[in-house]
Amino acid sequence: MSASDDRPAVPAESPSVDPPGQGAATRTTHEPENRWSTAFREIVGGSWGVSVGAVLLAILAGSILIVATDENVRAAAAYFFARPGDMLSAIGSAAGDAYAALFRGSVWNYRADSFADGIRPLMVSLNYATPLIGSGLGLAVGFRAGLFNIGGQGQMILAAIGAGWIGFSLELPWPLHMLLAIVVGMITGALWAAIAGVLKAVTGAHEVITTIMLNHIAFYLLFFLLATPGLLQAPGSANPKTPPMQSSAVMPKIFGSGYHLHLGFVLALLAVAATWWLMERSKLGFTFRAVGENPRAARVAGIDVGRTTVWVMVVSGALVALAGVTQVLGTSTTGFSTDVDAGMGFDAITVALLGRSNPVGVLGAAILFGAFRAGGATMQAAEGIPIEIVTVIQSLIVLFIAAPPLVRAIFRLPKPGSAPRRKAGDPAKEVAA
Amino acid sequence: MKLELRGITKRFGSLVANDQIDLVVNPKEIHCLLGENGAGKSTLMNVLYGLYAADEGEVLLDDEVVHFDGPGDAMEAGIGMVHQHFMLVPVFTVAENVMLGHEPTRAGGRLDLEQARAKVREIADRFGFHVDPDAVVEDLPVGVQQRVEIIKALSRDAQVLVFDEPTAVLTPQETDELMAIMRQLRDDGAAIIFITHKLREVREVADRITVIRRGKVVGEAEPTSTDAELASLMVGRSVELVVAKGEPQFSDALLEVENLEIVDRDGLVLVDDVSFEVRGGEILVVAGVQGNGQTELAESLLGLVEPSSGSIRLDGVELVGRSVDGFLREGIGFVPEDRSVDGLVGTFTVAENLMLDRLDGPPFVKGASLQIGARDEFARRAVEEFDIRTQSIHAPAGRLSGGNQQKVVLARELSRELRLLVASQPTRGVDVGSIEFIHERIVATRDAGVPVIVVATELDEALALADRILVMYRGRIVGIVPADTPRDVLGLMMAGIAPEEGSKVA
């Protein structure tokens, strides 16, 4: 019996130990609960407090970097012992100015003359957040079902191929054309994800491996399509880029042409609601969660674990695909190239983690990251602070969330506070003393 | 070194896992701790090893009270444990694994691998183990890995060695070799605790035998005891369980199992040519010492294990080849042996668990959507009817006590139209208060005309519930006998001796 076994809910024998009388057949068909899956569950489904704390700590750490690299601070540090006040005020103004610029660039530009201009940064933030919402939801659905879909890149690329091809090659009236492109894009992305689901269900191949491999296949498939005349490449061009979308396929701007925010944001909000319903109120979502939390009990309850795995990947892929669709039909409609996914399949992992795999949480996390991105640009322009600081903050958020359970798993440490080995007033202890 | 446990009591909530256990193990002695799964053997050893703190009682080494804060203290004091699941680093060599935890170092903190190698060689030579100190552990067969564990314990001068179900993972040949090693260690002066539930092994190596059941020492036995005596001690006769049940009203044979054979991946036959039938309104208890094919037989009745041949017919309809869902749709209620792993999703709420296998339509599912109102209403009724002690129907099921978890499973399985109920060890790990209730519900199901199969390892439970008893041994049916069969006959049958050939040893 292991030292890391800290669940006294089943008293007499460790729950992780198969009854020895069981045949090898049953033992091998079930995946035993181990500390890694426990860590996975803790990372993707932890508490809100951890998320908020991680963000605050990451911002604090970011401030230290900002302050430490600030020239005024460094100058004042040279005579710190003579006039410490100088350095402290330099620190204050460096950090204050940086975050003021971040706020100005992401939420409300208080220096603007009119409301229309003042609110523009928020619109930019929401625009950046749009694809992160969809892809984050896709990852979150996977997490809840115990699957780690790292194939966001490939699924977004396939969605872009599907939606893009419909978008520039067909001639149809406006709403119909756009809707068709959206649907086709989501289907191609979902089918691409389904490949990994089928591979897992049939052969047991781990989805992390297969989705990463599918990313490469998708990337080079798109590269091939873009480099081959007559397929996706714009006619008369030698560049690996598609033609622009037909205007009848483009998502309209929500608040007029003055703002970038387009219909994709509304779709993303609808996806949040739909995902919430799916996971909390639908039969399919119930089976997703059951399989994710305890595949053995799910199997005994008559749930086909393999088929559920495929469905999880289909739903996850469709949501990620929504991000790809909004990119090509909403954000940059002048045609796309191999960088269409813009690393968002991976950012989505962070968003889903920070959002605790909860649809509303994902929405909040995506908007936060969109704001970081919008504000980071302003921070760079106004204060000369490298935009990479935003990437550092995002990475630190992941680190703070994922590290504690991982460290515990690696070093087989017990979870603090759970199953205390000894209680106060332990008689054995008193005897020994 | 002499080890003594005095009055060890360990409680988990309302469940007493160890109840005033006394145990003395002398040097040069192999002391077998015999008991079913869940009897409390491993809890006791975890107390000894410092993993759990006992609520009452003390541990004595050479008549002095000792106190362990963790395995490190226990090892320091000379207690070594060979775990059922090896605690080895697969990618390390034998020598590296053996020194792990107290690495010998040279000046400057450099590892002294040579010293560890020498130690391994020395111990291996002393006991005739053929173990290469530089072999990587993951390349070694399981039996050799176990020897590495033993070497590891011996390298710390362990004088009390605990073997926790060491043969569960071994082939018969490896088991025989392990027995020889244990004898050798004993002759060398070690005190050995050997935990198992396999009778043959006990009789082969034990010098003394202590039998534990439901957390209590129920008796001591001599190694000269027969399998039958040991089996009846292990499955118990001390507590008389009485279940109030009327005369059974049998209808036709509704479940027919014919020539069922289940083979595992290694080609081992787990269920061997089993045929029986169960009538409506009848409780058939499948009895036997654990690990004789009952688990697989029960799982095949829900389609969890695919039989290699044979047929399962419910009301004349062949079920073999269907999915689990296909079995459930026929109205089969299933109470799994290990409820916390197979019966419940611990993080789901009580209400969610109560509808876990009822997703095929009303009242809990309409179209694609869950019916939250119907679910919660049902949950509230079930909590009341089955007296499930929970703070709320929205509390996670994993937080309930074992007995209440089992009631959740029962409530779910019994509250729909059943045409067959299969319950594996329905009261294992369940507090005494809930046992009676669970038995009553099972009898009520029988009285509603449903055929019922109960897998029981405890004789008391078997006799209390059964209308007929089917005894299994090594995957085969030893016999199907009436419920009033004497206990010693059943004990013999559990040891593989059929009633009509009672004088012959199987």
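Nothing in this text is a laboratory measurement; each read-out follows from the coordinates by a stated rule. All values derive from a computational prediction rather than experimental measurement. Counting neighbours? That spans all protein chains shown, and the Cβs are built from the backbone with ideal geometry, glycine included.
Give the Rg (one decimal place) followed by the Dmax (whole number) of the stretch B:3-235, computed from C-alpha coordinates and expressed in Å.
Spelled out, the Cα radius of gyration and Dmax of the stretch B:3-235 are 17.9, 61 Å.
Give me a single rounded figure for A:257-265: the average over its residues of other chain Cβ atoms within 10 Å of their Cβ. The partial results should precede the final answer.
On the way: counts 0, 0, 0, 0, 0, 0, 0, 0, 0.
Average per residue, whole number: 0.
Rank by packing, highest mean first: peptides B:211-221, B:39-49, A:170-180, with packing defined as the count of other Cβ atoms within 10 Å averaged across residues.
B:39-49, B:211-221, A:170-180
If you fit an axis through the alpha-carbon atoms of helix B:113-127 and take the longest principal axis of the Cα set of chain B, what angle between them do you get, 0 to 90°, nearest 10?
Result, in degrees: 70.
Measure out, as a whole number of angstrom, how far apart the alpha-carbon centroids of the stretch B:372-392 and the stretch B:397-449 sit.
Distance between centres, Cα-based: 15 Å.
Each residue of the stretch A:218-224 in turn: what ³J(HN,Hα) in whole Hz from Karplus with 6.51, -1.76, 1.60 and θ = phi - 60°, glycine and Pro shown as x?
4, 4, 6, 4, 5, 4, 5
Please give the Cα centre distance for the stretch A:215-289 versus the stretch B:238-289, rounded to the nearest Å.
Here the answer is 58 Å between Cα centres.
Using modelled backbone amide H atoms (1.01 Å from N, in-plane), which distant-in-sequence or interchain residues come within less than 5 Å of B:GLY80's amide H?
So B:GLY80 has HN proximity to B:GLN159, B:VAL160, B:LEU161, B:VAL162.
If you rank B:GLU103, B:GLU138, B:GLU165 by fewest surrounding Cβ atoms within 10 Å, what's the result?
The most exposed by this proxy come first: B:GLU138, B:GLU103, B:GLU165.
Provide the three semi-axes, in whole Å and in decreasing order, of the ellipsoid equivalent to the stretch B:223-362 as defined by the square roots of 5 times the Cα gyration tensor eigenvalues.
Values: eigenvalues 147, 93, 78 Å².
Each semi-axis is √(5λ); the values are 27, 22, 20 Å.
Among A:LEU354, A:LEU126, which comes first, second and so on when ranked by fewest other beta-carbon atoms within 10 Å?
A:LEU126, A:LEU354
At 0.36 nm per residue, minus the direct Cα-Cα distance, what do B:ARG380 and B:PHE250 gain on full extension? Give it in nm, one decimal, please. If you can, show how the numbers build up before the last one.
Numbers: separation 130, 0.36 × 130 = 46.80 nm, distance 3.37 nm.
Difference between extended and current length: 43.4 nm.
Using Cα springs under 10 Å in a Gaussian network model of chain A, which residue among A:GLY96, A:GLY264, A:GLY361 shows the largest mean-square fluctuation?
In the Gaussian network model the winner is A:GLY96.
Could you work out, residue by residue across B:481-492, how many beta carbons of other chains sit within 10 Å of that residue's beta carbon, and then give the average as an integer?
Mean inter-chain Cβ contacts per residue within 10 Å come to 0.
Rank by packing, highest mean first: peptides B:156-163, B:416-423, with packing defined as the count of other Cβ atoms within 10 Å averaged across residues. Intermediate results must be reported in sequence, preceding the final value.
Values: B:156-163: 21.4, B:416-423: 19.8.
Top to bottom by mean Cβ count within 10 Å: B:156-163, B:416-423.
Evaluated at 37 °C with a viscosity of 0.692 mPa s, what Stokes-Einstein diffusion coefficient in µm²/s does chain B have when Rh comes from the Kirkwood expression over alpha-carbon pairs?
Rounded to a whole number, D works out at 132 µm²/s.
Given an 8 Å cut-off on Cα distances and at least 6 residues of separation, report the relative contact order of chain B as a percent.
Relative contact order comes out at 16 percent.
With only alpha-carbon atoms in the gyration tensor, what are the semi-axes of the equivalent ellipsoid for the stretch A:131-360, in Å, largest first?
31, 20, 14
Convex hull volume of the Cα atoms in the stretch B:41-88, per residue, in Å³? Can you show the working numbers first?
On the way: hull volume 4.1 nm³, N = 48.
Once divided by residue count, the hull of the stretch B:41-88 is 85 Å³.
Which log10 I(q)/I(0) values does the stretch B:390-506 give at q = 0.14, 0.19, 0.22 Å⁻¹ under the Debye formula, counting every alpha carbon as one identical point scatterer?
-0.67, -1.03, -1.22
Taking amide H atoms as placed 1.01 Å from N in the peptide plane, list the residues 5 or more away in sequence, or in a different chain, whose amide H sits under 5 Å from that of B:ARG419.
Sorted by chain and number, the residues that satisfy this are B:ILE332, B:GLY333.
Each residue of the stretch B:479-496 in order: what ³J(HN,Hα) in whole Hz does its phi give by Karplus 6.51 cos²θ - 1.76 cosθ + 1.60, θ = phi - 60°, with x for Gly and Pro?
3J(HN,Hα) across the stretch B:479-496, in whole Hz: x, 10, 10, x, 5, 8, 5, x, 4, 5, 5, 4, x, 5, 5, 5, 8, x.
Per residue of B:367-373, count partner chain C-beta atoms within 10 Å of its C-beta, then hand back the mean as an integer.
4
Taking square-rooted eigenvalues a ≥ b ≥ c of the alpha carbon gyration tensor, is the stretch A:81-133 rounded, prolate or oblate, where a/c under 1.5 means rounded and, failing that, a/b exceeding b/c means prolate?
Numbers: a/c = 8.43, a/b = 2.23, b/c = 3.78.
Oblate, since a/c reaches 1.5 and b/c is not below a/b.
Per DSSP H run of n ≥ 4, the term is -39500 (n - 2.57); total these for the protein assembly as shown, divide by its residue number, and report the mean residue ellipticity at 222 nm rounded to 500 deg cm²/dmol.
Numbers: 34 runs with 445 residues, N = 939.
-15000 deg cm²/dmol, from helical runs alone.
Would you please give the FRET efficiency between A:LEU399 and B:VAL89, computed as 1/(1 + (r/R0)^6) with r the Cβ-Cβ distance and R0 = 35 Å, to the nearest 0.05?
Rounded to the nearest 0.05, the efficiency is 0.85.
Cβ neighbours within 10 Å, averaged per peptide: list A:228-237, A:331-340, B:337-346 in order, most packed at the top. Write down the numbers at each step before the final one.
On the way: A:228-237: 12.7, A:331-340: 17.7, B:337-346: 24.4.
Sorting A:228-237, A:331-340, B:337-346 by mean packing, highest first, produces B:337-346, A:331-340, A:228-237.
Looking at chain A as a GNM with Cα springs under 10 Å, which of A:VAL351, A:VAL320, A:VAL183 has the largest mean-square fluctuation?
For chain A, modelled as a Gaussian network with Cα springs under 10 Å, the answer is A:VAL183.
Kindly provide the pair-distance distribution of the protein assembly as shown built from C-alpha pairs, with 10 Å bins from 0 and whole-percent values in order of increasing distance.
Over the protein assembly as shown, the share of Cα pairs per 10 Å bin runs 2, 10, 17, 19, 18, 15, 10, 6, 2, 0, 0 percent.
Arrange the following residues from fewest to most other Cβ atoms within 10 Å of their Cβ: A:PHE286, A:PHE346. Numbers along the way, then the final one.
Details: A:PHE286 24, A:PHE346 15.
Placing the least packed residue first, the sequence is A:PHE346, A:PHE286.
Which ³J(HN,Hα) values in Hz, rounded to whole numbers, follow from the phi angles of the stretch B:255-264 under the Karplus curve 6.51 cos²θ - 1.76 cosθ + 1.60, where θ = phi - 60° and Gly and Pro get x?
Each residue's phi maps through the Karplus curve to give 9, 10, 10, 10, 6, 6, 10, 10, 10, 7 Hz.
Just to compare against my own numbers: the Cα pair-distance distribution for the stretch A:317-373, 5 Å bins, whole % per bin, please.
4, 17, 25, 27, 17, 7, 2, 0
Enumerate lysine pairs in the stretch B:3-235 that are 8 or more residues apart or on different chains, then count those whose Cα atoms are under 12 Å apart.
4
Above 26 angstrom, tally the Cα pairs of chain A and express them as a % of all pairs, no decimals.
Details: 58485 of 93528 pairs.
Of the Cα pairs, 63 percent sit more than 26 Å apart.
Quick one: grab the alpha carbon gyration tensor of the stretch B:343-416, order the square roots of its eigenvalues as a ≥ b ≥ c, and give me rounded if a/c is under 1.5, else prolate or oblate depending on whether a/b is larger than b/c.
Because a/c hits 1.5 or more and a/b exceeds b/c, the stretch B:343-416 counts as prolate.
Considering the alpha-carbon set of the stretch B:257-313 alone, what are its Rg and its Dmax in angstrom?
Rg then Dmax for the stretch B:257-313, in Å: 11.3, 38.
So for chain A, if I pair up every lysine 8 or more residues apart or on another chain, how many of those pairs have alpha-carbons under 30 Å apart?
Pairs that pass both the separation and distance tests number 4.
Under a point spin-label approximation (7 Å from Cα along Cα-to-Cβ), what is the A:ILE209-A:ALA227 distance to one decimal in nm?
2.8
Label-point separation (nm) for A:LEU176 and A:ILE64, each offset 7 Å from Cα along Cα-to-Cβ?
6.1
With a cut-off of 8 Å between alpha carbons and a minimum separation of six or more residues, what is the relative contact order of the stretch B:283-342 in percent?
Numbers: 37 pairs, mean separation 14.6, N = 60.
Normalised by residue count, the contact order of the stretch B:283-342 is 24 percent.
Assuming a ≥ b ≥ c are the square roots of the Cα gyration tensor eigenvalues, decide whether the stretch B:220-300 counts as rounded (a/c under 1.5), prolate (otherwise, with a/b larger than b/c) or oblate.
Judged from the Cα gyration tensor, the stretch B:220-300 comes out oblate (a/c at least 1.5, b/c at or above a/b).
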